[in-house]
Amino acid sequence: MTEMKSALGTGIDMTVYPKLGTLDYLTSHSDGDRYYALRELVEFDGRGLWTCRGARFSKHGTLLDTAAELVHRADAGVFAPELAAELGVEVKDALLKLMRDGRVVRERLASMFL
């Protein structure tokens, strides 16, 4: 946002948003959606993930949608710490919401949920 405000010659966030609306951009699934990237510049890996300067982006969209996609792709399932490491953000709340919404299922294995 800081770079975009500088490029537009403004110090006000609300000046940037109308300009963003004219662009094909992504918001980060990390850091509270505070980072933006032009879709044409993004190079997703095989999982649909991309990191730039520590901000993480997903072709699947939001953290919820990305977590659901990666869980469904995992043939043997995935534990929250594994998914958190892959996405670079805490996922426990997201996974709990996905489970409550019926988008993923979980099974207790020892002291963890798969």
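Tabulated values for the structure
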| read-out | value |
| --- | --- |
| Within segment 89-105, considering residues that are touching a helix residue (DSSP H, G or I) at 6+ places or on another chain (Cβ under 7 Å) and open to solvent by less than 90 Å² (accessible area, probe 1.4 Å), the one nearest to GLY46 (Cα to Cα) | VAL89 |
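To keep it simple, each residue is scored yes or no on (1) of a type in the set (D, E, K, R); (2) over 22 Å from TYR25 (Cα atoms).
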{"residue": "ARG47", "(1), (2)": "yes, no"}
{"residue": "ALA55", "(1), (2)": "no, no"}
{"residue": "ALA80", "(1), (2)": "no, yes"}
{"residue": "LEU83", "(1), (2)": "no, yes"}
{"residue": "LEU87", "(1), (2)": "no, no"}
{"residue": "LEU95", "(1), (2)": "no, yes"}
{"residue": "ARG103", "(1), (2)": "yes, yes"}
{"residue": "LEU109", "(1), (2)": "no, yes"}
{"residue": "MET112", "(1), (2)": "no, yes"}
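The values are calculated or read from the model by the stated rules, or taken from the named source; none is laboratory data. Because the structure is a prediction, the values reported are computed rather than measured. Glycine also receives a Cβ, built like all others from the backbone with ideal geometry; neighbour counts cover every protein chain displayed. Side chains are part of the model used for accessible areas, which takes the heavy atoms of the whole protein and leaves out ligands, DNA and RNA. Shrake-Rupley method; radii C 1.70, N 1.55, O 1.52, S 1.80 Å.
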